[in-house]
Amino acid sequence: MSGVVKASVADHLNGGVELINGQYFFNPEVISPSLIGQEISFTVNGKPTSCSVKVVVQPDVTIDVVSVDYPSDGSNATTVNFKISGTSFTDYIYQWDFWDDGGLITLNPGTDGKVSYTLYDLNPKNIPVIKVNVSGNGCTQDIIIRDWYKVPARLSLPTDIICFGDDAIRFTEVIPAGGPIVAYVGANIIDNHDQVIISSNGTFYFNPNGVNPNLFGQYITFKVDGQPTNCRIKVVPSPKVSANYTVDYPANGSTDATINIDISGDYYEHYLYEWDFQGTGQYTAKPLVNGKISHNYTNLNLNNIPVIGVRVSGGVCKQEIFIRSWYDVPVSLSLPSKVICSRAGSIDFNVFPSTGVVKAQAGAESSVTLSSNGVYSFNPGAVGSNLYGQNITFTVNNKQTNCSIKVLPPPTVNVNYTVDYSGNGSTDATVTIEVSGPYFTEYTYGWDFLGTGQYTVMPLTDGKISYNYSNLDPKNIPVIGIEVKLDGCTQKYR
């Protein structure tokens with residue numbers, strides 16, 4: 001027992017050998033710090049021995065839960081991902097009790113410090129405390145991991161767009177039930193937060209009227225209990241958009257047409273749009289593409305062009321737009337006569353489209369009448385004498401037509417004649433009749449040169465007409481008859 005024990009270390013280092021009451025002891029607490037983790041060997045009376053020891057530090061590692069992969073799509077698996085750090089963390093043995101039931105599983109980290117474990121059929125209402133025993137060379141550290149499980153947050157609203165001015169709306173699903181709910185725009189908590197998110201008796205509401213107008217049109221997102229959700233909403237002012245349009249008209253006699261509608265106005269791209277292209281009151285939601293939408297009509301009834309309805313909404317608030325008279329329907333108009341007597345009865349127009357509105361030119365407005373069954377007529381008696389002999393023109397749906405008519409007073413022409421007698425005892429003769437008087441060129445003339453009562457229509461030439469008689473019987477000279485006609489009026493001469 002007279003041997004002298006020394007540590008094989010440099011003279012300036014303490015190798016941990018102590019002599020107490022004649023007995024040699026190794027005290028790991030007094031060794032020089034630079035020897036921790038190194039193999040220390042010993043000599044007896046200066047002679048090397050096979051005895052050696054390594055001193056390690058008491059485990060002082062940190063275990064963090066870096067993420068949890070919660071069950072999804074019907075899965076029953078929850079995977080916990082850990083990160084272990086600390087001095088010499090890879091030198092220790094890690095025994096895990098994941099279910100807090102005393103069952104131990106050895107899982108050691110790699111050099112990256114990562115460990116993962118999957119628990120199946122975990123009950124969110126009974127989350128176990130995870131316990132870890134870290135040990136090495138007689139040293140141990142017990143680590144307890146609590147509150148590592150957060151119920152996956154879920155949040156929903158009945159709409160993702162709402163108008164400023166609408167009432168607050170309730171969050172229809174809030175998990176965890178107690179929240180708290182925090183609203184964000186981008187990475188920043190929204191201004192006036194306590195006015196935007198309202199809690200009353202355990203129920204959460206979103207109040208659009210608390211949102212600053214400079215955030216209109218931007219998505220507001222939410223976190224519940226610090227967890228992000230996919231719930232979002234944007235606030236917009238009440239819609240006040242404008243609708244302009246162009247029409248691609250049919251060609252080659254087709255009755256197809258396409259209307260192209262262009263929507264503009266503040267925040268127009270944020271609203272929801274419903275369309276009634278047939279004018280039936282039935283609306284269908286269709287989105288705009290770059291502010292535009294087109295609709296093709298097949299076999300359009302030009303007598304019944306639909307009024308297009310548009311509903312624009314940003315939640316409860318709505319705007320309704322009606323697009324009328326969008327189709328430039330070709331119009332036509334005709335009357336059975338070009339000239340008519342002022343005393344004649346009314347005559348009906350032939351109108352296209354049948355629903356077209358017929359109007360007469362200024363000064364003759366009262367000459368056009370509309371019957372109770374929707375038929376337009378022309379009344380010559382309503383035309384003032386100052387318009388006699390002038391072409392009265394008409395419009396349909398305020399579009400000028402080529403339909404016109406003249407109104408004349410009853411004919412009151414003057415008739416004069418001359419006779420060219422043949423010489424040398426001949427019984428031939430030529431009568432030349434000259435007509436004059438107001439509007440005489442507008443009338444139609446029928447002639448009975450033989451006095452038989454049979455009239456033949458023949459025109460005047462420069463206000464005159466001639467007839468040649470052969471073998472006239474001086475004892476039976478015919479009485480010449482003349483009928484001066486105008487639609488609705490006749491003047492006779494003999």
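The values are calculated or read from the model by the stated rules, or taken from the named source; none is laboratory data. Since this is a predicted model, take the numbers as computed values, not measurements. Every residue, glycine as well, gets a Cβ built from its backbone with ideal geometry; the counts of neighbours run over all protein chains shown. Just so you know, the surface numbers come from the protein's heavy atoms only, side chains and all, with ligands and any DNA or RNA stripped out. Shrake-Rupley method; radii C 1.70, N 1.55, O 1.52, S 1.80 Å.
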Ordering of 206-218, 107-119 by packing [mean C-beta count within 10 Å, highest first]:
206-218, 107-119
Mean-position separation - Cα centroids, the range 286-360 and the range 178-197, in angstrom:
52
Considering only DSSP beta bridges whose two residues both sit in the chain, what percent are antiparallel, to the nearest 5?
95
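Per residue Cα convex hull volume for the range 406-486, in cubic angstrom? Write out the running numbers ahead of the final one.
Numbers: hull volume 7.7 nm³, N = 81.
In the range 406-486, the Cα hull volume divided by residue count equals 95 Å³.
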Correct semi-axes for the range 234-314, from √(5λ) of the alpha-carbon gyration tensor and rounded to whole Å with the largest first, are 27, 13, 9
Report the Cys residues of the chain lacking a disulfide-compatible partner, meaning no second Cys Cβ under 4.7 Å from their Cβ.
C51, C139, C231, C403
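Among residues other than Y205 whose Cβ falls under 14 Å from its Cβ, what is the net charge (Lys/Arg +1, Asp/Glu -1)?
Details: positive: R170; negative: D166, D167, E173, D194.
With Lys, Arg at +1 and Asp, Glu at -1, the neighbours total -3.
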Using a 1.4 angstrom probe on heavy atoms only, work out the carbon and sulfur share of the accessible area of the range 26-84 in %.
49
Treating the Cα atoms of the range 319-434 as identical point scatterers in vacuum, please give the log10 of the normalised Debye intensity I(q)/I(0) at q = 0.11 Å⁻¹, two decimals.
-0.51
Would you list the P(r) distribution for the chain, with all Cα-Cα distances sorted into 10 Å bins from 0 and each bin expressed as a whole %?
3, 11, 10, 10, 10, 9, 8, 7, 6, 5, 5, 4, 4, 3, 2, 2, 1, 1, 0, 0
Probe 1.4 Å, all chains present, heavy atoms only: T280 accessible area in Å², nearest 10, is 90
Under a no-solvent Debye model with one identical scatterer per Cα of the range 1-88, what's log10 I(q)/I(0) at q = 0.12, 0.14 Å⁻¹?
-0.54, -0.62
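Give, as a single signed number, the net charge of other residues whose beta carbon lies under 9 Å from the beta carbon of N81, with Lys and Arg counted +1 and Asp and Glu -1. Show your work: numbers first, answer last.
On the way: positive: K83, K114; negative: D69.
Local net charge: +1.
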Spatially proximal lysines relative to K292 (Cα-Cα < 20 Å; intrachain offsets below 8 disregarded):
K240, K318
Net charge (Lys, Arg +1; Asp, Glu -1) of residues whose beta-carbon lies under 11 Å from that of F216, F216 excluded, is 0
Could you check how much of the accessible area of the range 98-221 is carbon and sulfur, as a whole percent, using a 1.4 Å probe?
46
Largest-first ranking of V289, V331 by accessible area, probe 1.4 Å, whole protein assembly kept, is V289, V331
Normalising by the residue count of the range 43-93, find the relative contact order in percent from Cα pairs under 8 Å and 6+ residues apart.
34
Report the equivalent ellipsoid semi-axes for the range 53-131 in whole Å, largest first, defined as the square roots of five times the eigenvalues of the gyration tensor built from alpha carbon atoms.
28, 14, 10
Tabulate in residue order the Karplus-calculated ³J(HN,Hα) for the range 190-200, using 6.51 cos²θ - 1.76 cosθ + 1.60 with θ = phi - 60°, rounded to whole Hz; enter x for Gly and Pro.
5, 5, 6, 4, 5, 8, 8, 9, 10, 10, 9
Give the carbon-plus-sulfur fraction of the accessible surface of the range 344-494 in %, rounded to a whole number; probe 1.4 Å, heavy atoms of protein chains only.
47
Among the lysines, select those whose C-alpha is under 20 Å from the C-alpha of K223, and discard any that sit fewer than 8 residues away in the same chain.
K150, K234
What lysines could a cross-link reach from K359, if we take a straight Cα to Cα line under 16 Å and drop same-chain neighbours fewer than 8 places away?
K399, K406
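Per residue, what accessible area does the chain have, given a 1.4 Å probe and all protein chains present, in Å²? Please list the in-between numbers first.
Working: 28000 Å² over 494 residues.
Each residue of the chain exposes 57 Å² on average to a 1.4 Å probe.
Of all the C-alpha pairs in the range 301-349, what % are more than 16 Å from each other? Walk me through the intermediate numbers first.
Working: 773 of 1176 pairs.
Beyond 16 Å sits 66 percent of the P(r) for the range 301-349.
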Compare S313, S422 by solvent-accessible area with a 1.4 Å probe and give them largest first, with all protein chains kept in place.
S422, S313
Can you bin the range 353-402 into rounded, prolate or oblate? Criterion: square roots of the alpha carbon gyration tensor eigenvalues sorted a ≥ b ≥ c, rounded for a/c under 1.5, prolate for a/b above b/c, oblate for the rest.
oblate
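Tell me, what is the percent relative contact order of the range 416-494, built from C-alpha pairs under 8 Å that lie six or more residues apart? The partial results should precede the final answer.
Details: 132 pairs, mean separation 24.7, N = 79.
So the answer I get is 31 percent.
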For the range 240-247, Karplus-derived ³J(HN,Hα) couplings (6.51, -1.76, 1.60; θ = phi - 60°; whole Hz; x for glycine and proline) come out as 9, 9, 10, 10, 10, 8, 10, 10
Read phi for every residue in the range 451-464 and hand back ³J(HN,Hα) as whole Hz from Karplus 6.51 cos²θ - 1.76 cosθ + 1.60, θ = phi - 60°, with x for Gly and Pro.
x, 9, x, 9, 9, 10, 7, 9, x, 7, 10, 6, x, 10
Can you work out the FRET efficiency for the pair A177 and D262, with r the C-beta to C-beta distance and R0 = 45 Å, to the nearest 0.05?
0.45
Express the relative contact order of the chain as a whole percentage, based on alpha carbon pairs under 8 Å and six or more residues apart in sequence.
7
Have a look at the range 1-152 and give its Rg and Dmax from the Cα atoms, expressed in angstrom.
22.3, 76
